[in-house]
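The values are calculated or read from the model by the stated rules, or taken from the named source; none is laboratory data. For clarity, every value in this text was computed on a predicted model and none was experimentally measured. Cβ placement follows ideal geometry from the backbone for every residue including glycine, while neighbour counts extend to all protein chains displayed.
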Amino acid sequence: MNTMISIKDAGLIVLFIGLIILVIYLVVLAKNLITTVKKTNAILEDAKVVTDVAQKRTNDVDGLIDDVVGSVSGISGALKGNESKVNSVSSVVKAVSSVIGLIKDRNKEEE
């Protein structure tokens, strides 16, 4: 039994084998891409949580700094004689209460 394969047929066979290898390669690539996308989404979710916490802390500290600046300027004004002592004391009390509030909020979040 002699069967002859023409060069055209041999070329088509090689082409189909190459196509099958390419399809297998693309399936493996898609599988790896799906895994990478899942891991990237998890990392982005963690980054969002960290960013939200940092933003909240920044807002807390910003309010605290505003109160401290007000207290310092009140004390400075009182020392210069421009502000009453009652206003200076109230500014200091406000700054201290802001610090206490910040510490309480941090303790509640850690629990």
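Whenever a residue of region 48-64 is touching a residue at least 40 places away in the same chain (Cβ under 8 Å), its partners that are surrounded by 10 or more Cβ atoms within 10 Å (Cβ to Cβ), lying with C-beta atoms within less than 8 angstrom and at least six residues away or across chains, give the pairs Asp60/Leu102; Asp60/Asp105; Val61/Leu102. Taking into account only those residues within region 85-98 that are exposed (fewer than 13 other Cβ atoms within 10 Å of the Cβ) and at pLDDT 75 or above, which is nearest to Thr58 (Cα to Cα)? Selected residue: Ser97.
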